[in-house]
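Rule-based calculations on the coordinates, nothing more; no lab input. Treat the numbers as computed from the prediction; the structure is a model and nothing was measured. All Cβ positions, glycine included, derive from the backbone under ideal geometry; neighbour counts span all protein chains shown.
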Amino acid sequence: QSALTQPPSASGSPGQSVTISCTGTSGDVGGYNYVSWYQQHPGKAPKLMIFEVNKRPSGVPDRFSGSKSGNTASLTVSGLQAEDEADYYCNSYAGRKNWVFGGGTKLTVL
Amino acid sequence: EVQLVESGGGLVRPGGSLRLSCAASGFSFSDYWMSWVRQAPGKGLQWVANINSDENEKYFVDSVEDRFTISRDNAKNSLYLQMNSLRVEDTAVYYCVRARYCSSGSCYLDYWGQGTLVTVSS
């Protein structure tokens, strides 16, 4: 049950696009279309942003999108806004009824 | 409005026990999988345990499997986590979370409580 690999940090200016990667193996990210993404502001509970690779829950802006290629999933935030500054975590099913998170990425809006 | 309110956190000695509770409201609790997710201070998220609606499926991360028990009382709309043989590395904020479609593997976490802090220290 090794954690998925995310870059520790990412940044972009308002209005730009930023992509955060989440790398696993064929046993987790690459093997299932069960990747989800969570946003966490400091001192707050996480919030679901993307589920099943590229589906957005109601209420999440369409500036947030998800994709997957091979063993790497990605979260793209388009048209960056100040309120997007937060920590982002990916999560994947890892088989045999286990689920694993990534280490998290701190997104800074410059 | 979906609400999940955790309680039961606190300071406990290594080797001790603690029972966390989560009171759920605003949805049909008995229809949903539920999960516990934890976050050590300044660290990332870690999935801890899942339980299905009728308690016949329970899954744990390896590091807690022999020490933690997850249960629920659908009549009371409540979720529990019994933590035994606690270790310093179990120190974390523990979140109660509603989970979707865990039987298939999807298991995305759509509503989170605010968390309760468990500190294991001598």
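What does the structure give for B:37-48 when I average, per residue, the other chain Cβ atoms found within 10 Å of the residue Cβ? Walk me through the numbers on the way to the answer.
Working: counts 7, 0, 6, 0, 0, 0, 2, 11, 13, 5, 7, 0.
Partner Cβ neighbours, averaged per residue: 4.
Using Cα springs under 10 Å in a Gaussian network model of chain A, which residue among A:Ala73, A:Ala94, A:Ala45 shows the largest mean-square fluctuation?
It is A:Ala45.
Which of B:Thr91, B:Gln46, B:Ser21 sits closest to the plus end of the dipole of segment B:13-94, meaning its Cα is farthest towards the positive end, when Lys and Arg get +1 and Asp and Glu get -1 on the C-beta?
Of the candidates, B:Thr91 comes out farthest on the positive side.
With Rg and the Kirkwood Rh both taken from Cα atoms, where does Rg over Rh land for the protein assembly as shown? Don't skip to the end; give the middle numbers.
Values: Rg = 17.2 Å, Rh = 17.9 Å.
Result for the protein assembly as shown is an Rg/Rh of 0.96.
Give the relative contact order (percent, whole number) for segment A:1-63; include only Cα pairs under 8 Å separated by 6+ residues. Show your work: numbers first, answer last.
Values: 60 pairs, mean separation 12.3, N = 63.
Reported relative contact order: 20 percent.
Take peptides B:24-36, B:57-69 and line them up by average Cβ neighbours within 10 Å, highest first, as a rough protection proxy.
On the way: B:24-36: 18.0, B:57-69: 15.8.
Top to bottom by mean Cβ count within 10 Å: B:24-36, B:57-69.
Where Rh denotes the Kirkwood radius from the mean inverse Cα pair distance, what is Rg over Rh for segment A:24-74? It would help to have the intermediate numbers written out before the result.
Details: Rg = 11.8 Å, Rh = 11.6 Å.
Radius of gyration relative to Kirkwood radius: 1.02.
For the charge dipole of the protein assembly as shown, defined by +1 on Lys and Arg C-beta atoms and -1 on Asp and Glu C-beta atoms about the Cα centroid, which residue among A:Phe51, A:Gln39, A:Ser65 has the Cα displaced farthest towards the positive pole?
A:Gln39
Can you give the Rg to Rh ratio for segment B:1-71, taking only C-alpha atoms and Rh from Kirkwood? Mind showing how you got there, number by number?
Working: Rg = 13.3 Å, Rh = 13.8 Å.
A ratio of 0.97.
Please give the per residue volume of the convex hull enclosing the alpha carbon atoms of segment B:51-122, rounded to a whole number of Å³.
Values: hull volume 7.8 nm³, N = 72.
Enclosed volume per residue, from the Cα hull, is 108 Å³.
Shielding of B:111-121 by partners, i.e. mean partner chain Cβ atoms within 10 Å per residue?
Values: counts 3, 7, 1, 3, 4, 0, 0, 0, 0, 0, 0.
Mean partner-chain Cβ count within 10 Å for B:111-121: 2.
With no solvent and one point on each alpha carbon, what is the Debye value of log10 I(q)/I(0) for chain B at q = 0.14 Å⁻¹?
Those come out to -0.53, one per q.
Any of A:Lys47/A:Lys97; A:Lys55/A:Lys97; A:Lys68/B:Lys76; B:Lys43/B:Lys76; A:Lys106/B:Lys76 with alpha carbons more than 29 Å apart? Name them for me.
On the way: A:Lys47/A:Lys97 22 Å; A:Lys55/A:Lys97 22 Å; A:Lys68/B:Lys76 40 Å; B:Lys43/B:Lys76 33 Å; A:Lys106/B:Lys76 38 Å.
From the list (A:Lys47/A:Lys97; A:Lys55/A:Lys97; A:Lys68/B:Lys76; B:Lys43/B:Lys76; A:Lys106/B:Lys76), the Cα-Cα distance tops 29 Å for A:Lys68/B:Lys76; B:Lys43/B:Lys76; A:Lys106/B:Lys76.
Testing the spin-label approximation: label points 7 Å from Cα along Cα→Cβ at A:Asn54 and B:Val88. State their distance in nm.
4.7
What's the magnitude of the charge dipole for segment B:8-122 around its Cα centre, counting Lys and Arg as +1 and Asp and Glu as -1 at the beta-carbon? Answer in Debye, nearest 20. Don't skip to the end; give the middle numbers.
Numbers: 11 positive and 11 negative charges, 71 e Å.
Computed charge dipole of segment B:8-122: roughly 340 debye.
Shielding by partners for A:44-50, please: the mean number of other protein chain Cβ atoms within 10 Å of each residue's Cβ.
Values: counts 3, 12, 8, 4, 8, 0, 1.
The shielding value for this peptide is 5.
Determine how many Å³ per residue the convex hull of the Cα atoms of chain A encloses. Please report the intermediate quantities before stating the final value.
Working: hull volume 10.2 nm³, N = 110.
It comes to 93 Å³ per residue, whole-number rounded.
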